[in-house]
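Undergrad: Handing you a structure now.
The values are calculated or read from the model by the stated rules, or taken from the named source; none is laboratory data. Being a predicted model, the structure only gives us computed values, none of them experimental. Neighbour counts are summed over all protein chains in view; Cβ atoms, including those assigned to glycine, are modelled from backbone coordinates with ideal geometry.
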Amino acid sequence: MSRWTVAYDSTLPIAPTELWRWHQRPGAFERLTPPWEDVEVVHRDPRGIVDGAEVVLRIVQGGLPLRWVARHEVPDPGSGFSDRQIAGPFAYMHHQRHFGPVDGRATRLTEQITAELPLAPFSDLAIPHVRRQFARMLAWRHHVLQDDLEQQMTTPMSPM
């Protein structure tokens with residue numbers, strides 16, 4: 001039971017290509033980071049979300065600052081991407097996002113996090129707690145994304 005998965009999906013009122021563009025925007029990661037998480041981007045590849053690009057984060061867990069390095073995997077730009085932990089607090093961590101077209105104007109966003117805590121099987125007792133944390137984070141991310149997209153659709157913006 002050491003490796004486990006948490007998933008969340010929702011239908012968003014935007015085409016997959018537009019959802020891809022939203023995720024590429026500067027500040028998208030920060031926007032999707034829940035306010036209760038102590039996370040800071042230390043370094044991000046200036047190329048953005050491209051295959052092989054890395055992001056370095058500073059997180060605080062249990063009062064301890066930790067360095068977390070994730071590498072983007074983008075097998076099919078526009079239909080999703082994933083992040084695989086290279087170094088960090090987990091023994092294994094892979095966060096996948098898939099943008100599936102529902103019709104010409106909507107997308108089914110499916111996020112799946114597969115992880116393993118360090119020191120398994122001793123850490124297995126903490127799995128239910130960490131799973132709940134991830135489930136809460138994914139639900140919050142989808143809620144924020146839904147709100148942002150609805151606001152974007154109902155509030156016309158003038159050219160800059």
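Undergrad: I'd like to verify a number: residues in the range 25-56 that are over 12 Å from the mean Cα position of the chain (by Cα) and polar (S, T, N, Q), how many?
TA: 0
Undergrad: To continue, here is another question. What are the residues in the range 1-43 that are touching a helix residue (DSSP H, G or I) at 6+ places or on another chain (Cβ under 8 Å) and among the basic types (Lys, Arg), if any?
TA: ARG31
Undergrad: Would you pick out the residues in the range 19-40 that are free of Cβ contacts under 8 Å to residues at least 12 places away in the same chain and of a type in the set (D, E, K, R)?
TA: The initial filter retains those residues of the range 19-40 that are free of Cβ contacts under 8 Å to residues at least 12 places away in the same chain, namely 21, 25-28, 30, 33, 35-36.
If the condition is that a residue be free of Cβ contacts under 8 Å to residues at least 12 places away in the same chain and of a type in the set (D, E, K, R), then ARG21, ARG25, GLU30 are the ones that fit.
Undergrad: In the range 1-54, how many are touching a His at 6+ places or on another chain (Cβ under 8 Å), among the small types (Gly, Ala, Ser) and under 22 Å from VAL102 (Cα atoms)?
TA: Number satisfying all stated conditions: 1.
Undergrad: Quick one: which strands (runs of 3 or more DSSP E) sit completely within the range 59-112 and have at least 2 residues that are of a type in the set (A, V, I, L, M, F, W, C) and surrounded by 14 or more Cβ atoms within 10 Å (Cβ to Cβ)? Can you show your working first?
TA: Values: elements: 64-73, 80-87, 92-103.
Here the list reads 64-73, 92-103.
Undergrad: Please state which of the following conditions VAL55 fails to meet, knowing it meets all the rest: (1) of a type outside the set (Lys, Arg); (2) farther than 23 Å from ALA120 by Cα; (3) out of contact with any Lys or Arg (no Cβ under 7 Å at 6 or more places or on another chain).
TA: (3)
Undergrad: How many residues are part of a strand (DSSP E or B), among the aliphatic types (A, V, I, L, M) and over 12 Å from the mean Cα position of the chain (by Cα) when one looks only at the range 113-130? I'd like the intermediate steps shown before the answer.
TA: First, pick out the residues of the range 113-130 that are part of a strand (DSSP E or B): 113-116.
Those still in the list that are among the aliphatic types (A, V, I, L, M) too: 113, 115.
Okay, now just the ones that are also over 12 Å from the mean Cα position of the chain (by Cα), so 115.
The number of residues fulfilling the criteria is 1.
Undergrad: Only one of (1) in a helix (DSSP H, G or I); (2) farther than 14 Å from PHE81 by Cβ; (3) aliphatic (A, V, I, L, M) fails for LEU19. Which number is that?
TA: (2)
Undergrad: Of the conditions (1) surrounded by fewer than 16 Cβ atoms within 10 Å (Cβ to Cβ); (2) within 27 Å of MET153 (Cα to Cα), LEU12 satisfies every one except a single condition; which number is it?
TA: Every condition holds for LEU12 apart from (1).
Undergrad: Kindly indicate whether PRO159 is more than 20 Å from ARG31 (Cα to Cα), at pLDDT below 95, in contact with an Asp or Glu (Cβ under 8 Å, 6 or more places away or on another chain) and outside any strand (DSSP E or B). Reasoning before the result, please.
TA: On the way: more than 20 Å from ARG31 (Cα to Cα): yes; at pLDDT below 95: yes; in contact with an Asp or Glu (Cβ under 8 Å, 6 or more places away or on another chain): no; outside any strand (DSSP E or B): yes.
No.
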